[in-house]
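Have a look at the structure below before the remarks.
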Amino acid sequence: VLTPSGGRDPLPTLSYAAPPACDAQKHATGMFFRIARPGHHSPQFPFFLWLRASRGRPRGSFALSRDRGTGSFALSRDRGMGSFAPSRDRGTGRAARFARPLLAEMGVIELQLAVPMNLVEELRKNPFVLAPMAGITDCAFRTVMRELGCGPVITELVSAHGIEHASRKTLQLMAFSELQRPVGIQLFGETPEILANAARVSEARGADFVDLNFGCPVPKVVKKGAGSAMLKDLKAVEAVFKAVKGAVSIPVTVKIRTGWDHETRNASQVAQIAYDEGLSWVAIHGRTRAAGYSGLADWDFIAEVKAHAKLPILGNGDILNAETAVRRIRETGVDGVMIGRGCLKNPWIFKQSIGLWNQGAVPVVQKDFGQLFERLHHAFQAVAVDGGPGYPADRFIMLQIKKFASWYSTGYPGASQFRKTIFSHESLETTLSAVSDYFKGIAALVQTDTSHEAFLMGGHG
């Protein structure tokens, strides 16, 4: 519990007793304090305090993880007991200034052992992973996809440099809810030290794993040497893997492309380096950076990488239905598949895939678009932030609803006219009404296969 520390200083003191011995404690990497306002369940909360274990003894320093992990907590070393108070004699005193108002208003404390998740075991339970997509797989969408049956989820790509500079927008991209676990935070950047620090912040914020983005083909990312540009320098790849893995105790994964271009495809070498440095899996998009999203993903090449890899491999690319998802796993031997654009045409693809995987037949799923958009609306409301004049929260929600409605209408009659109609609406209320009317009208119709048509070819991570 948090109690007033007495005197003129309003800072409370946190006291703890060492937990009883248990099997899990042998594998604990530290102790984990979670502080939150009573009854407050915003994805921006709780704040975390983290103590690494040292040779089996919980001692060291705590970091307050609201932004860049600023805030030091000194531990009084004794036998089994300890008290924590914000340290004022280290650094610039910024920690104390930040901690004072925060701790004064917090009232609930939870202590638990921090035992790293067995990410590979989670993958075995459900090998159908939501692929991270910039501007799409935000906190709200990930929650809905977890409810619709997907396995582990990963945030849209987050700039390690943005974390270093405590960018508000960047930190908002890292938000997640407890319903999403296991959840990874995907980082991009080119500097080992900055990526390592960003990984520490991700761990401190409670992420289950860190995912490195070595696959984004977008020019503004690549020109800085990040994303798929990392594949051009295997020594740089090794340096990043070593720095990030050494910085955290949670699992680290990576998403790559088959290579920079066809002549320099090096996914097998990257997988070997990942194994040597202790990463948990490598996810491979079956195209080179030069190919972008054109042509077909090369699953034969992914199968070849898997055949020689010593760690789990996930495949990604052109998975638009449950049958393809399951067939790719069985034919190539990959340990899982990432589904991205496929779930933007069919949001029930994960439920269908896991059903086919476990039961041998695609389950009959009631495609209730009314319920789906009600859930999306609620999820967007939960994370919407009022951006001030010109961009209120309702505008954000309206744009998100329009975006997903246009994708989900693909392959249904009148989809083109519907998209024009909803983007002409200027209020959330009329947009929701138009969406409801359209999807009620096509509820009994079969979606046409549009896999031959270009879809989201601009790049999204």
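The values are calculated or read from the model by the stated rules, or taken from the named source; none is laboratory data. Everything numeric in this text was worked out from a predicted model, so none of it was measured. Here the Cβ is made from the backbone with ideal geometry for all residues, glycine too, and neighbour counts use every protein chain on show.
Contact map, the range 176-187: residues that are more than 15 Å from Ala204 (Cα to Cα) paired with residues that are among the basic types (Lys, Arg) and surrounded by fewer than 24 Cβ atoms within 10 Å (Cβ to Cβ), Cβ distance under 6 Å, separation 6+ or inter-chain. Pairs shown: Leu179/Arg146; Gln180/Arg146. Of all residues in the range 269-290, those satisfying the criterion of being farther than 20 Å from Phe241 by Cα and under 25 Å from the mean Cα position of the chain (by Cα) are Gly286, Arg287, Thr288, Arg289. Right, Ala267: hydrophobic (A, V, I, L, M, F, W, C), modelled with pLDDT of 95 or more and more than 21 Å from Ala454 (Cα to Cα) or not? When the stated conditions are applied, Ala267 passes them. Residue selection: Gly333 fails the criterion of being small (Gly, Ala, Ser), more than 27 Å from His308 (Cα to Cα) and modelled with pLDDT of 95 or more.
Note on the range 323-376: among residues that are in a helix (DSSP H, G or I) and among the small types (Gly, Ala, Ser), the one that is farthest from Asp211 (Cα to Cα) is Gly370.
Residue pairs whose Cβ atoms lie under 7 Å apart, sitting 6 or more positions apart in sequence or on different chains, and linking a residue in the range 425-436 that is in contact (Cβ under 8 Å) with a residue 12 or more places away in the chain and of a type outside the set (Ser, Thr, Tyr) to a partner that is surrounded by 13 or more Cβ atoms within 10 Å (Cβ to Cβ) and not in a helix (DSSP H, G or I), are Ala434/His425. In the range 230-238, the condition of being more than 19 Å from Leu157 (Cβ to Cβ), hydrophobic (A, V, I, L, M, F, W, C) and in a helix (DSSP H, G or I) is met by at least one residue.
The single condition among (1) within 15 Å of the chain's Cα centre (by Cα); (2) closer than 25 Å to Ala384 by Cβ; (3) of a type in the set (Gly, Ala, Ser); (4) at pLDDT 95 or above that Gly162 does not satisfy is (1).
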